[in-house]
């Protein structure tokens, strides 16, 4: 006999469902339209503006995008920069979060507050100092110009610290009794217990790095060293009449992050809820 209570929906539940469903349609429609347009010919786009699906499905836009622009180079640049920054931020944020959560030292609270205060500074304020720093380091117009300033994220440190603080000190003490050093505790005790946080940090960092347009615009000059967002603007300005190729390039930029979010959405949501960020 099934003793589970049947779910009862009240009228306002249906209103919420309808509202969220409508909002989802409004948000997703431009993305789906862009994807459908990428499979149309330019003639189809101009003659059948009101038609959502292609009259004839074609990969002409994708072929043109690869032939007329170094899309492959931009894609590789974006992947390399995103992967390096994401891995670096995961390491630096979990290490710093571990120190702030489990160790006591002088000026600990002050340093943590200063770290969080950097989140309040608009990126536009630090554009010129970052540009001058990159020039001094001789990194201008290189991938390092985008990687070095992004190696540490204050938000990721905060998120990791919140998670690590919830790990019982008894686990760390037991590891110490067994002869584990600080790095072994970090590797064998801390990291396995904060996997949801690592997933959230990874998704946040990867999305921010992949979609970054302002920093590549400031730090890069060479066309072959551009990332996808910057390259897409360059491509669009050069081929304003070729809507099929432009939509194809935009679809290639958009899809990887959507796929990653769909694959890791459970870890992302779990990381947000368990860290206390609502």
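Being modelled with pLDDT of 85 or more and more than 30 Å from residue 155 (Cβ to Cβ) narrows it down to one residue among 8, 47, 58; which is it? Quick ask: steps written out before the conclusion?
Values: 8 fails: modelled with pLDDT of 85 or more; 47 fails: modelled with pLDDT of 85 or more.
Unique residue meeting the criteria: 58.
Report, by residue number, each residue of region 148-186 that is assigned to a helix (DSSP H, G or I) and within 20 Å of residue 84 (Cα to Cα).
Once the filter is applied, which keeps residues that are assigned to a helix (DSSP H, G or I) and within 20 Å of residue 84 (Cα to Cα), region 148-186 yields 148, 149, 150, 154, 155, 156, 157, 159, 160.
Can residue 215 be described as at pLDDT below 90 and in a helix (DSSP H, G or I)?
Working: at pLDDT below 90: no; in a helix (DSSP H, G or I): yes.
No.
Every condition in (1) modelled with pLDDT under 90; (2) part of a loop (DSSP other than H, G, I, E, B); (3) surrounded by 15 or more Cβ atoms within 10 Å (Cβ to Cβ) holds for residue 196 except the one numbered (2).
Would you confirm, using the coordinates I've provided, whether residue 35 is surrounded by 10 or more Cβ atoms within 10 Å (Cβ to Cβ), more than 30 Å from residue 164 (Cβ to Cβ) and free of Cβ contacts under 8 Å to residues at least 40 places away in the same chain? No.
Write out, first by first residue and then by second, each pair whose Cβ atoms fall under 6 Å of each other, whose residues are 6+ apart or on separate chains, and whose first residue, in region 118-133, is at positive phi and exposed (fewer than 10 other Cβ atoms within 10 Å of the Cβ) while the second is at pLDDT below 90 and in a loop (DSSP other than H, G, I, E, B). Hits for this filter: zero, empty list.
For region 226-260, give me the residue count where each residue is more than 20 Å from the chain's Cα centre (by Cα) and assigned to a helix (DSSP H, G or I). Final tally of qualifying residues: 11.
The combined condition, being modelled with pLDDT of 80 or more, touching a helix residue (DSSP H, G or I) at 6+ places or on another chain (Cβ under 9 Å) and under 18 Å from residue 34 (Cβ atoms), is not fulfilled by residue 203.
Looking only at region 47-69, count every residue that is farther than 30 Å from residue 223 by Cα and touching a residue at least 60 places away in the same chain (Cβ under 8 Å) and tell me the total. Break it down into steps so the answer makes sense when it comes.
First, pick out the residues of region 47-69 that are farther than 30 Å from residue 223 by Cα: 47-57.
Filter once more, keeping what is touching a residue at least 60 places away in the same chain (Cβ under 8 Å): none.
Counting residues in region 47-69 that are farther than 30 Å from residue 223 by Cα and touching a residue at least 60 places away in the same chain (Cβ under 8 Å) gives 0.
Residue count for region 176-192 under the criterion of being more than 13 Å from residue 95 (Cβ to Cβ), modelled with pLDDT of 90 or more and surrounded by 15 or more Cβ atoms within 10 Å (Cβ to Cβ): the result is 1.
Is it fair to say residue 140 is part of a helix (DSSP H, G or I), surrounded by 13 or more Cβ atoms within 10 Å (Cβ to Cβ) and touching a helix residue (DSSP H, G or I) at 6+ places or on another chain (Cβ under 6 Å)? Against the criterion (part of a helix (DSSP H, G or I), surrounded by 13 or more Cβ atoms within 10 Å (Cβ to Cβ) and touching a helix residue (DSSP H, G or I) at 6+ places or on another chain (Cβ under 6 Å)), residue 140 does not qualify.
Residue 144 passes every criterion in (1) more than 21 Å from residue 104 (Cα to Cα); (2) touching a residue at least 24 places away in the same chain (Cβ under 8 Å) apart from (2). Restricting attention to region 65-95, and to residues there that are crowded, with 20+ Cβ neighbours inside 10 Å and farther than 22 Å from residue 204 by Cβ, which single residue is modelled with the highest pLDDT? For region 65-95, the residue satisfying everything is 74. Looking across region 41-64 at every residue that is over 21 Å from residue 31 (Cβ atoms) and exposed (fewer than 12 other Cβ atoms within 10 Å of the Cβ), the one that is farthest from the chain's Cα centre (by Cα) is identified as 47.
The values are calculated or read from the model by the stated rules, or taken from the named source; none is laboratory data. Model, not experiment: these values are computed from the prediction. In this analysis, Cβ positions are derived from the backbone assuming ideal geometry, glycine residues included, and neighbour counts consider all displayed protein chains.
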